[in-house]
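Have a look at the structure below before the remarks.
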Amino acid sequence: MAIKPLIILPDPVLRQVSKPVERVDDSVRKFADDMLETMYDAPGIGLAAIQVGEPLRMLVIDISKDDEDHAPQVFINPEIVASSDERAVYEEGCLSIPDYYAEVERPASVTVRYLDRQGAQKEVAADGLLATCLQHEIDHLNGVLFIDHISRLKRDMVVKKFRKLARENAPSRMVG
Ligand code: GNR
Ligand code: NI
């Protein structure tokens with residue numbers, strides 16, 4: 001198992017559209033374990049492969065409470081096959097946009113079809129936090145971030161702040 005470095009805004013890698021996993025084999029399962037370890041270390045409740053630089057359509061989620069046992073879930077090639085008309089608002093955050101939180105409105109429930117870590121096709125009807133988290137992660141597979149769902153004014157402010165941080169932390173600053 002290995003903890004992988006997280007890709008942070010405004011890295012253009014986060015805007016890539018990820019490619020389907022062609023075969024669920026040991027290397028895919030090993031990568032899912034690395035993603036889970038990275039997510040738990042962060043800590044976060046979800047992680048998409050692109051957040052560690054792999055443009056593959058897979059994500060991991062664990063929405064268990066702190067005082068409960070871990071409940072890791074792996075979703076490979078997930079697809080939203082149904083969404084409710086009902087909406088829900090959650091305060092979202094993203095490991096690729098550290099320490100920034102904003103309310104996002106999304107369908108309150110979704111049905112997601114996916115392959116599990118054995119490569120078996122599954123379907124889950126999700127609501128509550130799982131529905132929000134699945135939509136947040138599936139957005140990542142399409143190069144979409146939660147800040148794309150907030151006002152342009154707020155988004156521009158966040159992007160500007162993270163551009164500045166990236167500049168300040170750029171290796172060029174260390175030279176000379
Ligand atoms: O850890 C995370 N918390 C979270 C809270 C509300 C809605 C979505 C999320 S996902 C996020 C981890 C992450 O960035 N996944 O891509
Ligand atoms: Ni995220």
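Kindly indicate whether V89 is at pLDDT 95 or above and either more than 17 Å from H149 (Cβ to Cβ) or touching a Pro at 6+ places or on another chain (Cβ under 7 Å) (or both).
On the way: at pLDDT 95 or above: yes; either more than 17 Å from H149 (Cβ to Cβ) or touching a Pro at 6+ places or on another chain (Cβ under 7 Å) (or both): no.
No; evaluated as a whole, the condition is false for this residue.
Only one of G119, G53, G44 is of a type in the set (G, A, S), touching a Lys or Arg at 6+ places or on another chain (Cβ under 8 Å) and either over 21 Å from P20 (Cβ atoms) or within 16 Å of ligand 2 (Cβ to nearest atom) (or both); which?
Numbers: G119 fails: either over 21 Å from P20 (Cβ atoms) or within 16 Å of ligand 2 (Cβ to nearest atom) (or both); G44 fails: touching a Lys or Arg at 6+ places or on another chain (Cβ under 8 Å).
From the options G119, G53, G44, the qualifying one is G53.
What's the number of the condition A88 fails, among (1) surrounded by 12 or more Cβ atoms within 10 Å (Cβ to Cβ); (2) within 21 Å of V28 (Cβ to Cβ); (3) in contact (Cβ under 8 Å) with a residue 12 or more places away in the chain?
Failing condition for A88: (2).
Do we have any residue at all in segment 4-16 that's under 13 Å from the mean Cα position of the chain (by Cα) and under 22 Å from Q118 (Cβ atoms)?
Within segment 4-16 (the criterion being under 13 Å from the mean Cα position of the chain (by Cα) and under 22 Å from Q118 (Cβ atoms)), the answer is no, since none of the residues qualifies.
Can you name every residue in segment 122-164 that is within 15 Å of ligand 2 (Cβ to nearest atom) and part of a loop (DSSP other than H, G, I, E, B)?
Within segment 122-164, N142, G143, V144, L145, I150 qualify.
Go through A102, A126, A108 for me and flag whichever is within 15 Å of ligand 1 (Cβ to nearest atom), in contact with a helix residue (DSSP H, G or I) (Cβ under 7 Å, 6 or more places away or on another chain), closer than 14 Å to P78 by Cβ and free of Cβ contacts under 8 Å to residues at least 60 places away in the same chain.
Exactly one of A102, A126, A108 is within 15 Å of ligand 1 (Cβ to nearest atom), in contact with a helix residue (DSSP H, G or I) (Cβ under 7 Å, 6 or more places away or on another chain), closer than 14 Å to P78 by Cβ and free of Cβ contacts under 8 Å to residues at least 60 places away in the same chain, namely A126.
Name the strands (runs of 3 or more DSSP E) wholly within segment 41-118 that hold at least 3 residues that are more than 30 Å from M157 (Cβ to Cβ) and hydrophobic (A, V, I, L, M, F, W, C)?
Values: elements: 46-48, 58-61, 73-83, 87-94, 97-107, 109-115.
Because the criterion is at least 3 residues that are more than 30 Å from M157 (Cβ to Cβ) and hydrophobic (A, V, I, L, M, F, W, C), the strands (runs of 3 or more DSSP E) in segment 41-118 that meet it are 73-83.
If we keep just the residues of segment 145-160 that are farther than 19 Å from A108 by Cβ and of a type in the set (A, V, I, L, M), which is farthest from the chain's Cα centre (by Cα)? Show your work before the answer.
Kept after step one, since they are farther than 19 Å from A108 by Cβ, are these residues of segment 145-160: 145, 147-148, 151-160.
Next cut, of a type in the set (A, V, I, L, M) only: 145, 147, 153, 157-159.
On the way: L145: 9, I147: 13, L153: 23, M157: 21, V158: 18, V159: 18 Å.
Looking at the filtered set, the residue picked out is L153.
Identify all residues within segment 29-45 that are of a type in the set (A, V, I, L, M), more than 10 Å from ligand 1 (Cβ to nearest atom) and buried (at least 20 other Cβ atoms within 10 Å of the Cβ); write none if there are none. Show your work before the answer.
Pass one, segment 29-45, residues of a type in the set (A, V, I, L, M): 32, 35-36, 39, 42, 45.
Add one more test, that the residue is more than 10 Å from ligand 1 (Cβ to nearest atom), and what stays is 32, 35-36.
Within segment 29-45, A32, M35 qualify.
The values are calculated or read from the model by the stated rules, or taken from the named source; none is laboratory data. Here the structure is a predicted model, which means the values were calculated and not measured. Note: ideal-geometry Cβ built from the backbone for every residue, glycine included; neighbour counts use all protein chains shown.
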